[in-house]
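Novice: I am attaching a structure below and will ask some questions about it afterwards.
The values are calculated or read from the model by the stated rules, or taken from the named source; none is laboratory data. Bear in mind that the values here come from a model prediction, so they are computed numbers and not experimental data. Here the Cβ positions follow ideal geometry from the backbone for every residue, glycine too, while neighbour counts run over all protein chains shown.
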Amino acid sequence: MNITGQCHCGAIRFTATAQPERVFVCHCADCQVISGAPFRAVLPVPVDQVELQGVPKQYVKIAATGNRRVQAFCADCGTQLFATEADTPKTLNIRLGCINERAQLKPVLQVWRDSAMPWLHELDDVPAHRQGRDSPLAGNPSTPC
């Protein structure tokens with residue numbers, strides 16, 4: 001499958017050839033903190049299948065397991081783009097949120113499930129709005145997230 005994507009401000013763009021059946025969700029504490037969300041969804045793509053325009057800022061994060069991972073993001077808008085091996089990058093774990101075709105990329109696996117937020121399975125029971133935020137609990141409905 002051909003995918004395209006970009007950071008929020010558009011300074012970094014990419015195209016890639018990916019296998020949609022490889023999408024997974026990670027519930028580890030690092031992914032929760034780095035993404036600012038209860039989990040992170042990624043699509044692993046071999047480095048040689050990705051064409052990147054722009055230069056992301058990078059840093060190396062050492063996980064609790066001792067694994068060293070490069071975290072790449074846009075220096076202008078902060079969008080998390082991908083993670084890869086620290087020494088010899090072979091695979092870019094592209095963040096699903098910055099892929100334009102993300103609605104077609106259903107996760108097939110969850111990892112670090114023991115770290116998942118206990119309320120995730122209850123979201124279907126939480127009131128939802130089809131568009132926007134017209135609830136007084138959500139604050140000003142004209143202000144985006």
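Novice: For the range 47-97, give me each residue that is assigned to a loop (DSSP other than H, G, I, E, B), modelled with pLDDT of 95 or more, closer than 16 Å to Ser35 by Cα and in contact with a helix residue (DSSP H, G or I) (Cβ under 8 Å, 6 or more places away or on another chain).
Specialist: Thr79
Novice: Show the residue pairs that are 6+ apart or on different chains and have beta-carbon atoms under 9 Å apart, the first residue being within the range 7-32 and without any contact (Cβ under 8 Å) to a residue 60 or more places away in the chain, the second being assigned to a helix (DSSP H, G or I).
Specialist: Qualifying pairs under 9 Å: Thr17/Gln49.
Novice: Can I ask one more? Which number in (1) more than 22 Å from Ala75 (Cα to Cα); (2) surrounded by 15 or more Cβ atoms within 10 Å (Cβ to Cβ); (3) touching a Ser or Thr at 6+ places or on another chain (Cβ under 9 Å) marks the one condition that Asn2 misses?
Specialist: Only one criterion is unmet by Asn2, namely (2).
Novice: Just to be sure I understand, how many residues within the range 98-124 are in a loop (DSSP other than H, G, I, E, B) and either among the aromatic types (Phe, Trp, Tyr) or in contact with a Ser or Thr (Cβ under 9 Å, 6 or more places away or on another chain) (or both)?
Specialist: 4
Novice: Which condition does Ile94 not pass, out of (1) over 20 Å from Val108 (Cα atoms); (2) surrounded by 14 or more Cβ atoms within 10 Å (Cβ to Cβ), if it passes all the others?
Specialist: Against the list (1) over 20 Å from Val108 (Cα atoms); (2) surrounded by 14 or more Cβ atoms within 10 Å (Cβ to Cβ), Ile94 comes up short only on (1).
Novice: Kindly evaluate Pro44 against the criterion of being surrounded by fewer than 19 Cβ atoms within 10 Å (Cβ to Cβ), under 13 Å from the mean Cα position of the chain (by Cα) and assigned to a strand (DSSP E or B).
Specialist: Against the criterion (surrounded by fewer than 19 Cβ atoms within 10 Å (Cβ to Cβ), under 13 Å from the mean Cα position of the chain (by Cα) and assigned to a strand (DSSP E or B)), Pro44 qualifies.
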